[in-house]
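Presented below is the structure to which this report refers.
Just so it is clear, none of the values below were taken in a lab; they were calculated from the coordinates. On a predicted model such as this, the values are computed, not experimentally measured, just so you know. Cβ atoms come from the backbone with ideal geometry, glycine included; neighbour counts cover every protein chain shown.
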Amino acid sequence: MTLTAFAAETEERFALARQVADAVLFEGYVLYPYRASAAKNRLRWQFGVLVPPAWGAECDEHDFQHTECLMEPKAGATLSVEVRFLHARRRTVQRARPDGGFDTVPELDLDDRVLVPWDEGVEERVEVIAPVDALLGDGVTHPFHLPAREDTAPVLDAAGRTVGRLLRRREEIHGTVRLSARELDGPYRVLRLTAVVENTSGWTPPEGHGADRDAALPHSLVATHLLMALSAGSFLSMTDPPEWAKDAVATCRNLHTWPVLAGEPGRADLVLSSPIILDDHPAIAPESPGALYDATEIDEILALRTAALTDEEKREARGTDERAAAVIELADSMPPEVLERLHGAVRSLREVTGPDPAAPGPGSTALGPGFGAGGDGFPDEHGVPRPDTPWWDPASDAGFDPTRDRVVVDGRSLGKGSRVELRPGLRRTDAQDIFLRGRTAEVEAVLHDVDGGVHLAVTVEGDPGADIRREQGRYLYFQPDEVTPLEDDA
């Protein structure tokens, strides 16, 4: 395959993955109520921010991302990498003077919106294509440079008169993408791919002004993430690797990012490495009518609350950012049937495809014990089988007591008051759980769900809010295989 053909095919595959990558790119970009004056919109850019090295030395933010994953490339394979991030473009609002000049102002009040100063996010892409063989040894280093830019746009009133202008400026950014690969020992030809994205900008904080995050942001790579595709071969899942690769996966170092399989389910030739922890083959909910940019992204609630904003609040939101204005229009124009679709969705239903071993023999119309109105084993008048008992019987709870029940873990009996060390796994967890890995906790209750699963309700030791959580019955929940007993109080 020629590089041109590979680039065209990769672009097609990237297009599907970008639906999720765009959600990463703009995660938390502007939060409800979508106004610059809202307190939560004054501290911007929370995910994947790669700051200039001089600023990173003074704060807890980072100037690089380090991705490692495993791949099985075929002979002659090519790797295509796309680095995506936002470049903060600082917008200043100016009012026109009678003499033709302009004065910088805190806001410009128009009929349909109120324009205010704001940092807009401009999407940037850096592409690197290299043969996999070229990644062995020293690998490939690709420096990039985004020059400073400044432009203006006139602001017109309803009559078409110039009443002001928007002055937009982007600062210079320097960065580097480093790609390398190393073949692992073993019977399989597996390569560990390393991809590092660095901010190498020489910007330094102004002397005498102290550390200023707002001053560093225009020189930063915001919401940085990677899309990586193989022309031939496949990547291995980092969250659910095959048994033979688990040890190799465990040695991979991923700093400030996490790689997952992306694109169509069933394919493994595309990876998204994101500062937000995702599962393999993430997808946008088909019911979602459009991006809402809020970090919680609960579409129904946000749509209803946005539609309920006052006209004055909507005017300010429209003037804050074009994307915020689009959210306002989306909420105002959403048909009832679309809003109803956001109310909830069933993602999957389990289908019984094989015969029940206890089912009647051939020739019987019965569907097996427990099905059919009245327990007779037949469908109802609509042909829908009905169990003779509900899927959950409240009376069955009589045999359980969360404060007295116990569960055996590693040969030790755990119950209320037991101390454990939290060891959340990779598959049934999220970032909040991972932050607690290695912390000690006290078991508050042993809970049983309707599917027969067991869950431990815990409070983290040292949590100043533990007493309040107990009073409110608000606990953290882990499964027995996600904890290690610290004592045997059986």
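At a 10 angstrom cut-off on C-beta neighbours, averaged per residue, how do the peptides 147-159, 276-288, 436-448 rank from highest to lowest? Display every interim value, and only then the final one.
Working: 147-159: 11.5, 276-288: 14.9, 436-448: 17.9.
Per-residue Cβ counts within 10 Å, averaged per peptide and sorted highest first, yield 436-448, 276-288, 147-159.
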- [ ] Please list the non-local residues whose amide H lies under 5 Å from the amide H of Thr78, H modeled 1.01 Å from N, same-chain partners needing a gap of 5 or more.
- [x] Val132, Ser231, Ala232
Task: Cross-link reach list, lysines versus Lys74, counting only Cα pairs under 22 Å and skipping chain neighbours closer than eight places - done: Lys246
Task: Highest average packing first - 401-407, 309-315, 414-420, 46-52, Cβ atoms within 10 Å - done: 46-52, 414-420, 309-315, 401-407
Task: Spin-label model distance (nm) - Glu61 vs Ala153, 7 Å beyond Cα toward Cβ - done: 2.4
Task: Whole-Hz couplings from phi, Karplus 6.51/-1.76/1.60, listed for the range 144-160; x for Gly and Pro - done: 9, 9, 10, x, 5, 9, 9, 8, 10, 9, x, 10, 10, 8, 4, 8, x
TODO: Report, by chain and number, residues whose modeled amide H sits under 5 Å from the one on His281, excluding near sequence neighbours (fewer than 5 apart, same chain).
DONE: Leu261, Ala262
- [ ] Pop the C-beta distance of Asp111 and Ala431 into the FRET formula with R0 = 41 Å and round what comes out to the nearest 0.05.
- [x] 0.40
